[in-house]
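Working notes for the structure below.
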Amino acid sequence: MQHDIPFFSIIVFLLIGASLVSPLYDGPIYDSTAYTECKEKPEEALYLGGILQSQSQSWVYEDGISFYGYTPSFLLHNLTQDTVYCFSVWVKIEGSSSGKIRASLQTENETHDCIGTVSAKSGCWSFLKGGFVLNQPSNFSILFFQNANGEDISIELASPSLQPFTKEQWRVNQQYIINTKRKQATTVHVSDTKGRKVQGATMTIEQVSKEFPFGSAIANTILGNLPYQSWFVKRFNAAVFENELKWYATEPDQGKVNYTIPDQMLQFVRANQIIVRGHNIFWEAPNYTPKWVQNLTGIQLQAAIDSRIQSLMSQYKEDFIHWDVSNEMLHYDFYEQRLGPDATLHFFETAHKLDPLTTLFMNDFNVVETCSDVNSTVDAYISRLRELQHNGVFMDGIGLESHFTVPNLPLVRAILDKFATLNLPIWLTEVDISKTLDKDAQAIYLEEVLREGFSHPSVNGIMLWTALHPKGCYEMCLTDNDFRNLPAGDVLDKLLQEWQTGLVEGVTDEHGSFSFYGFLGEYRISVRYENRTANSTFSLSGGQETKHFTIGL
């Protein structure tokens, strides 16, 4: 049961601009600033440089930059375990027109191959943002920079910053965003038929649906499985089909197209008011391209492609909120190798013409999971996205698969910050934790990833990759085959409960009003006064202004 609690006590602290005005929290405020453009001059350091502004001058030049071997580096002392360290720096190179610059960290006990990366250009300054969390304390560490492809180039750094957050401080910053971006202040006014304020009216307010899309992959195993369906519907308002829409599933043999299974799955989600993503039209990985397609070339391949996209998009026009158009095209290029560099552009153009209201997504792995994969760094993703935009692709979306082992939280946050500068929809599309970890560890890291996603204001939706099969799941299951929660399922239920408005009960004050803070979504309200009652509904859809709703008795 929820009562009318003052908002300041709920959110712990209040930000006005960049200042901290509440004495209840005296820690650092996370700075989401990021840049994607190369600049003539570097901007000022975030957090005024953080702990680098007071760095010991031993082995370090006055600007905080030293040299370790032939690469610029920072000497760091007395780093602590489990602290979230946020790092940023401006980078300029010489000796090459461009370079993928990677920041790495070496301590006495562990090596972090990549804590941040940037595609730098000659003659201007590029912004690198990332971070790290140590498993053990370190008395002496070296943070250094190298060209990821090994080419010998000169690297210059400016405005470096390293800001530590305790885990408690990190959580407070997350919670502030959740309370200000995922919730809304609401005032309910009660009056009689003559418009007079009614004091002492009692009311109950119940959230009946959530605005934020939170879902999971499902497979054909859900069809006819009533316990699975019941478990799923109680938790999720969004879904994605695991494999059933992929080309190899709908047309395993040339000319024999069969949509029976995805049609039945679509009926299930429709019947339960669940939105669904379309995954996928094409998959650039050769191993997941139908065998008969792999043998086609030239005109025959183009004809098969045109037939596939026409058939699929006509069958499901306006059924799916998104389409992953050319899956994992940062890592694979099956179609472009055979049909030229404009093949992917053709996919997007055709999909948009056939279903102009759906959002067309790029979707790839190792974008937020790591920065060690040179194919899918945040800048590589942005470069390909802009290439499509410049060629006229409409309604782009950023799909981040999010298949994690041990998540690097400040790196995840930094990458999301950089994507946020594009003002495009961002979804975590296939979240799971590696089965190389035990189930308790999976649950711990799943909670970390979900909190990062839900607390980032530019993330528009989260999908888990946890479709249940008799022999288990792709990497991580939420339940056993009898739908008893595993540790990851317990974490999910805890967060779903935390991120919804509980039953609100209140009484109107002398102004005939009652105020509360609620998560965005649809609400049902019942008001009672003496022998009169009134029932109604309202929605909270976000924004800085308080939502006002009037109900008459």
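Some points to look at:
- Residue in the range 259-271 that is over 30 Å from E522 (Cβ atoms), in contact with a Ser or Thr (Cβ under 8 Å, 6 or more places away or on another chain), open to solvent by less than 70 Å² (accessible area, probe 1.4 Å) and not aliphatic (A, V, I, L, M) present: yes
- Matching residues, the range 128-173, being open to solvent by less than 10 Å² (accessible area, probe 1.4 Å) and of a type in the set (F, W, Y): F132, F145, F165
- For the range 488-498, a tally of residues being open to solvent by 10 Å² or more (accessible area, probe 1.4 Å) and under 21 Å from S230 (Cβ atoms) returns 6.
- Test result for P356, closer than 26 Å to I275 by Cα and of a type outside the set (K, R): yes
- Residue list for the range 279-320, restricted to those being buried (at least 17 other Cβ atoms within 10 Å of the Cβ), under 28 Å from the mean Cα position of the chain (by Cα) and of a type in the set (A, V, I, L, M, F, W, C): I281, F282, W283, I309, L312, M313, F320
- Single residue of V368, V393, V378 found to be at pLDDT 95 or above, out of contact with any Pro (no Cβ under 9 Å at 6 or more places or on another chain) and within 27 Å of E242 (Cβ to Cβ): V378
- For E151, the conditions (1) closer than 22 Å to L409 by Cα; (2) part of a loop (DSSP other than H, G, I, E, B); (3) modelled with pLDDT under 95 all hold with the exception of (1).
- Scope the range 322-344; condition of a type in the set (S, T, N, Q) and either assigned to a helix (DSSP H, G or I) or surrounded by fewer than 20 Cβ atoms within 10 Å (Cβ to Cβ) (or both); matching residues: Q337, T344
- Of the criteria (1) over 23 Å from K183 (Cα atoms); (2) open to solvent by 60 Å² or more (accessible area, probe 1.4 Å); (3) in contact with a Gly (Cβ under 9 Å, 6 or more places away or on another chain), which one A534 fails: (2)
- In the range 126-135, the residues that are within 12 Å of S88 (Cβ to Cβ) and in contact (Cβ under 8 Å) with a residue 60 or more places away in the chain: S126, F127, K129, G130, G131
- Per the conditions (1) touching a residue at least 60 places away in the same chain (Cβ under 8 Å); (2) farther than 22 Å from D355 by Cβ; (3) not hydrophobic (A, V, I, L, M, F, W, C), the sole criterion not satisfied by G215 is (2).
- Some residue of the range 250-268 being more than 23 Å from W427 (Cα to Cα), aliphatic (A, V, I, L, M) and at pLDDT 95 or above: yes
- Answer from A217, A185 - the residue that is within 21 Å of Q497 (Cα to Cα), under 30 Å from the mean Cα position of the chain (by Cα) and surrounded by 19 or more Cβ atoms within 10 Å (Cβ to Cβ): A217
- Criterion violated by E244 - all others in (1) over 18 Å from E318 (Cβ atoms); (2) surrounded by fewer than 18 Cβ atoms within 10 Å (Cβ to Cβ); (3) of a type outside the set (G, A, S) satisfied: (2)
- Residues in the range 438-479 that are open to solvent by 40 Å² or more (accessible area, probe 1.4 Å), farther than 23 Å from S32 by Cβ and of a type outside the set (F, W, Y): D438, K439, D440, I444, H469, P470, K471, E475.
- Strands (runs of 3 or more DSSP E) wholly inside the range 447-553 containing at least 2 residues that are basic (K, R) and either out of contact with any Ser or Thr (no Cβ under 8 Å at 6 or more places or on another chain) or touching a residue at least 60 places away in the same chain (Cβ under 8 Å) (or both): 521-529
- Unmet requirement for I93, which otherwise passes all of (1) open to solvent by 60 Å² or more (accessible area, probe 1.4 Å); (2) more than 24 Å from N173 (Cα to Cα): (1)
- Failed condition for G123, given (1) surrounded by 15 or more Cβ atoms within 10 Å (Cβ to Cβ); (2) of a type outside the set (D, E); (3) over 25 Å from S32 (Cβ atoms): (1)
- Residue match in the range 70-79 (condition: modelled with pLDDT under 90, open to solvent by less than 70 Å² (accessible area, probe 1.4 Å) and β-branched (V, I, T)): yes
The values are calculated or read from the model by the stated rules, or taken from the named source; none is laboratory data. Not measured: the values here are computed from a predicted model. Heads up, the Cβs are rebuilt from the backbone with ideal geometry, glycines too, and the neighbour counts pull from every protein chain shown. Calculation scope for accessible area: heavy atoms of the full protein, side chains included, ligands and nucleic acids excluded. Shrake-Rupley method; radii C 1.70, N 1.55, O 1.52, S 1.80 Å.
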